Structure formats: structure tokens, C-alpha cells
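Right, one structure below, let's go through it.
The values are calculated or read from the model by the stated rules, or taken from the named source; none is laboratory data. From a predicted model like this one, the values you see are computed outputs, not experimental measurements. These accessible areas exclude ligands, DNA and RNA; they are computed on the full protein's heavy atoms, side chains included. Shrake-Rupley method; radii C 1.70, N 1.55, O 1.52, S 1.80 Å.
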Amino acid sequence: MKSKGFTLIETMVAVSLLVIAIAGPMSLAAQSLSAAFYARDQMTSFHLAQEAVEAVRFVRDGNILTNNAAGSAVVDLFAGIPDTTGRPFTVDIRYDDPSQSMKLCNGPCDPLSYDTDTSLFGYGVGSGWQATRFTRSVWVTAVNGSTGSSSAPILPPHRTMPPVTSMRTSAGTGISFRASLDIQSMQNAKIKL
């Protein structure tokens with residue numbers, strides 16, 4: 001006697017094979033998407049840290065140009081930096097004036113916001129600004145033992161500026177990016193990652 005149709009066992013085997021054939025690639029796709037989002041967040045963190053380095057360099061270079069234009073010796077390359085003793089501050093690149101763009105943090109620094117109109121990160125509020133999970137803390141500290149020689153003009157102590165951009169995901173896990181830069185030297189600046 002010939003059977004016309006599938007038995008229950010044949011149907012269960014077919015469904016099981018179909019589930020196995022679909023579950024593997026779906027799991028792989030989910031892992032690939034997760035890795036892509038993680039890489040995107042790492043790149044954003046790197047660029048936010050680099051932006052902080054450039055903001056401190058902007059202040060340093062502005063002080064050098066101001067001092068040289070006035071014909072005076074360089075007194076303090078870091079005038080305008082909110083703190084040079086290691087206390088964290090924020091950098092908002094929307095402003096050229098350091099008194100507006102760099103603010104000391106009272107406790108942990110606030111998270112950055114994202115302006116959907118200009119595609120910039122900053123500390124704005126209102127329509128167009130979206131909260132992000134990125135926090136940027138910048139600090140400048142002196143490195144001991146490098147104040148210049150007696151025959152050369154005395155420069156302020158070497159300063160190292162390690163900007164930190166950190167990000168917390170909604171799941172509670174986080175990544176952080178640290179960069180350290182010797183911003184005293186004018187040539188051959190090296191970023192340590």
C-alpha cells in the first residue's frame with residue numbers, strides 16, 4: 001500500500017532541518033551586526049578623543065601666536081586651559097573661545113549630546129539635540145623634571161594631555177578609549193594609544 005503524503009515523523013524531521021539551516025546564519029548575522037556596532041562606537045570614541053587633543057592644541061598654538069605677535073617670551077602655553085593639575089574638564093568644539101568651550105567637571109563629566117542639524121557632538125540642549133552614551137573627560141597634568149635649561153628661555157613644565165572618551169552601552173558594558181599626547185613639543189608629537 002502506497003502512502004500519499006508525509007507522516008508526522010517526516011514532517012518533524014523536515015522542520016528540524018529547516019530550523020537548523022536558518023538558525024546558524026541568523027546567529028552569525030546577529031554577531032556580525034553586534035561587531036559592526038562595537039567598531040562604529042570605537043571609531044566614534046577615537047575621533048572624539050582626537051577632537052579633544054586638537055582643541056587643547058588650538059589653545060596652545062593660539063597662546064604661542066599671541067605671545068610671538070606681542071614680541072614677548074612665551075610665559076604659559078596653557079593659559080585658557082581650565083586646569084593643569086589633573087582635574088577633568090569637558091571640551092565643546094562649537095566655540096573658539098576656551099572660556100566657553102572648556103569647562104571643569106564637578107564630579108563625573110556629563111555625557112555628550114549629538115546635534116542632528118549640524119552632525120556635531122557637544123553639550124547643547126533643546127530641539128535637535130539627542131542624548132548619547134559617550135562621555136569625554138579631558139585633563140592636563142605636568143610631567144616632572146622638564147622645565148628647560150638656564151641658557152634657554154624657561155618654558156612651563158612639560159604637560160601631558162590624555163583625553164579620555166568613554167562610552168557605556170545600555171547593557172551596562174562599556175568601552176573606553178585613551179590617548180596621551182605630549183603637547184609641549186612643537187614637532188614630532190606622538191599620540192600613545
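Worth pointing out:
- The Rg/Rh ratio of the stretch 53-121, with Rg taken over Cα atoms and Rh as the Kirkwood radius over Cα pairs, comes to 1.04.
- Under the Karplus curve 6.51 cos²θ - 1.76 cosθ + 1.60, θ = phi - 60°, whole-Hz ³J(HN,Hα) for the stretch 54-61, x wherever Gly or Pro sits: 5, 5, 5, 4, 4, 5, 4, 5
- Backbone amide hydrogens, once placed in the peptide plane, bring Asp83 within less than 5 Å of nothing, excluding anything fewer than 5 places away on its chain.
- Whole-percent carbon and sulfur share, accessible surface of the stretch 1-123, 1.4 Å: 64 percent
- Kirkwood radius and radius of gyration were both taken over the C-alpha atoms of the stretch 12-102, and their ratio Rg/Rh is 1.46.
- Exposure of Trp129 as accessible area (Å², to 10), given a probe of 1.4 Å and all protein chains: 50 Å²
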